[in-house]
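The values are calculated or read from the model by the stated rules, or taken from the named source; none is laboratory data. Computed from a predicted model, the values in this text were never measured in an experiment. Cβ atoms come from the backbone with ideal geometry, glycine included; neighbour counts cover every protein chain shown.
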Amino acid sequence: MTTIALPAALSIRNLLEDLLGREVTVAVANPPVVDDVPRTIGAVYVDPGLTMTAVLGLELPLAAYAGAALGLMPAGGAADCVEEGQLSPVLAENVAELCNILTSLLNQEGGPHVKLYKVYVPPEPLPGDAKALLLALGNRIDLSVEVARYGTGRLSLSLTW
């Protein structure tokens with residue numbers, strides 16, 4: 001079985017910085033716990049056989065700030081969404097596009113082709129298997145991501161293999 005490689009923190013930072021058009025800083029973070037999941041946007045990635053290969057979790061603040069930066073929207077609107085505990089439809093659409101672009105970090109030459117299957121935006125719950133993978137220790141990276149002039153939140157990526 002061919003495996004996919006976990007991207008380096010620098011690769012994640014560089015992609016986000018290029019995509020958002022502003023400075024992004026990353027630092028190692030603690031993995032999410034069960035209580036964090038209801039305020040986490042989850043993206044499920046699959047291989048050509050529709051087998052889950054990875055789950056990306058974006059803590060609500062990071063999703064709001066990155067979505068706003070991607071759409072060139074004011075930081076205040078993103079902060080309002082964080083306070084309300086829910087992304088606006090426009091921010092949710094921007095975050096889904098961000099998750100799709102982040103797929104490029106999982107597709108390496110010689111590896112299986114990975115694609116975005118679905119993005120789960122709260123209050124839509126993350127399916128049980130995806131939630132379990134997001135919370136599992138092992139082949140994962142957890143980063144605190146700060147988007148300049150917007151804010152900070154956690155990004156977690158967990159792979160099945």
Self-check item: Among residues of the range 131-147, those that are modelled with pLDDT of 95 or more and either polar (S, T, N, Q) or farther than 15 Å from V44 by Cα (or both), counted
Solution: 7
Exercise. Have a look at L10, L91, L16 and point out the one that is under 19 Å from S158 (Cα atoms), modelled with pLDDT of 95 or more and crowded, with 20+ Cβ neighbours inside 10 Å.
Key: L16
Quiz item: If you scan the range 1-35, which residues turn out to be among the polar types (S, T, N, Q) and within 13 Å of E146 (Cα to Cα)?
Solution: N14, T25
Exercise. Taking the options A66, A75, name whichever one is buried (at least 21 other Cβ atoms within 10 Å of the Cβ), among the small types (G, A, S) and touching a helix residue (DSSP H, G or I) at 6+ places or on another chain (Cβ under 9 Å).
Key: A66
Quiz prompt | Candidate set from the range 125-154 (those that are touching a Pro at 6+ places or on another chain (Cβ under 6 Å) and more than 19 Å from A8 (Cβ to Cβ)); member that is surrounded by the most Cβ atoms within 10 Å (Cβ to Cβ) | solution = G153
